[in-house]
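The values are calculated or read from the model by the stated rules, or taken from the named source; none is laboratory data. Note that the coordinates shown come from a computational prediction; the quantities given were computed from them, not determined experimentally. Neighbour counts are summed over all protein chains in view; Cβ atoms, including those assigned to glycine, are modelled from backbone coordinates with ideal geometry.
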Amino acid sequence: MDSEESRALVQQLVASCYDPLFRYALRLGGSVPAAEDLVQETFLVALERVSQLHEPDRALGWLKTTLRNLFLAGLRRRRRESTEAEPELLAVAARDEVDRSGLLDLPEALNRLSPEFRAVVLMFYGEGASYREIADALELPQGTVMSRLARARSALRDWLEPETRVVTNT
């Protein structure tokens, strides 16, 4: 495939896949600017690697996988630059700043999770990935994946249904 054919195919992909890809990026990235950057980077990678797309009817899945890999690579890069305790602190800080008087909707609650926790939740529930698959993709121990998923569930439960929490004194 020559460069003109590649460009034409990527332009078709942009026209047909931009909206669902942007929605996916928005869920992962948590903000419009982050989603725009992820989608743009995904289409740049697609332009470079469009020859790897052997089944055009599976283009959206291929693009979503590319986008997720770019997102995860960014997480790994940021994780290397920060301390290991920081993701835990981000999740707890976000949980504490929620206004307990009103319920959040699911997208808003997901956006309050730190990116590390959000990625685990979206991979587990959105993509149906196993603990092992998530651990391999994020280069984390499986126990860390399980812990992040449990903490994320707890935070989401608190944000979505704060009145169901039971406080006990022991």
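Pairs needed: first member in the range 148-170, in the same structural domain as Tyr131 (by TED's automatic domain parsing) and among the hydrophobic types (A, V, I, L, M, F, W, C); second member anywhere, at pLDDT 90 or above and not in a helix (DSSP H, G or I); C-beta distance under 6 Å; at least 6 residues apart or different chains.
none
Suppose the filter is charged (D, E, K, R) and at pLDDT below 85; does Arg80 pass it?
Spelling it out, Arg80 is indeed charged (D, E, K, R) and at pLDDT below 85.
So that you can scan it fast, the table gives a plain yes or no per residue for (1) of a type in the set (S, T, N, Q); (2) over 12 Å from the mean Cα position of the chain (by Cα):
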site: Ala109; (1), (2): no, yes
site: Arg112; (1), (2): no, yes
site: Phe117; (1), (2): no, no
site: Tyr125; (1), (2): no, no
site: Tyr131; (1), (2): no, yes
site: Ile134; (1), (2): no, no
site: Leu140; (1), (2): no, yes
site: Ser147; (1), (2): yes, yes
site: Arg157; (1), (2): no, yes
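List the number of the failed condition for His54; all other conditions in (1) at pLDDT below 85; (2) closer than 30 Å to Ala8 by Cα; (3) touching a Phe, Trp or Tyr at 6+ places or on another chain (Cβ under 8 Å) hold.
The failed condition is (3).
Name the single residue, out of those in the range 108-130 being part of a helix (DSSP H, G or I) and of a type in the set (Gly, Ala, Ser), that is surrounded by the most Cβ atoms within 10 Å (Cβ to Cβ).
My answer is Ala119.
Does Ser6 fit the bill of being out of contact with any Asp or Glu (no Cβ under 6 Å at 6 or more places or on another chain) and over 20 Å from Val121 (Cβ atoms)?
yes
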